[in-house]
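Structure record follows, encoded as structure tokens.
The values are calculated or read from the model by the stated rules, or taken from the named source; none is laboratory data. On a predicted model such as this, the values are computed, not experimentally measured, just so you know. Please note: Cβ atoms are built from the backbone with ideal geometry, for glycine as well, and neighbour counts cover all protein chains shown.
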Amino acid sequence: MYKDLQKKDGKALFLHQCINGNILENLMHCENSKEAWNTVEMVYVGDDKLKNVILQELRRQYKLLATTDIESMSQYFGRLLNLTNQMRRNGETVTNLI
């Protein structure tokens with residue numbers, strides 16, 4: 001019994017550390033694990049229409065991406081990687097053309 005509770009506490013602690021506080025507040029209202037999973041999936045994955053809108057905006061940002069006078073190459077590359085990762089996360093296929 002004690003080991004079972006310890007496992008559940010460990011899983012809850014892991015979940016608490018991995019999920020944004022705003023999402024965690026939504027999960028507190030869930031009745032079971034299935035409902036909690038659907039909530040997390042909807043927040044992180046979203047639906048197809050939302051993904052398309054997000055991708056459209058990310059593509060626009062990518063086309064307008066340019067360095068600024070006060071920005072180092074490292075900072076620019078960081079912004080580029082961040083944008084590329086967001087695009088991949090939303091289903092975009094990004095290839096290296098080097």
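A few points about this structure:
- Screening TRP37 with (1) within 23 Å of ILE19 (Cα to Cα); (2) outside the structural domain of ILE19 (by TED's automatic domain parsing) gives one miss only, at (2).
- Filter result (surrounded by fewer than 12 Cβ atoms within 10 Å (Cβ to Cβ), in a loop (DSSP other than H, G, I, E, B) and of a type in the set (S, T, N, Q)) within segment 61-75: THR68, SER72
- Members of segment 38-84 that are at pLDDT 90 or above and acidic (Asp, Glu): GLU57
- Scoring LEU58 on the criteria (1) part of a loop (DSSP other than H, G, I, E, B); (2) in contact with a helix residue (DSSP H, G or I) (Cβ under 8 Å, 6 or more places away or on another chain) leaves a single failure, condition (1).
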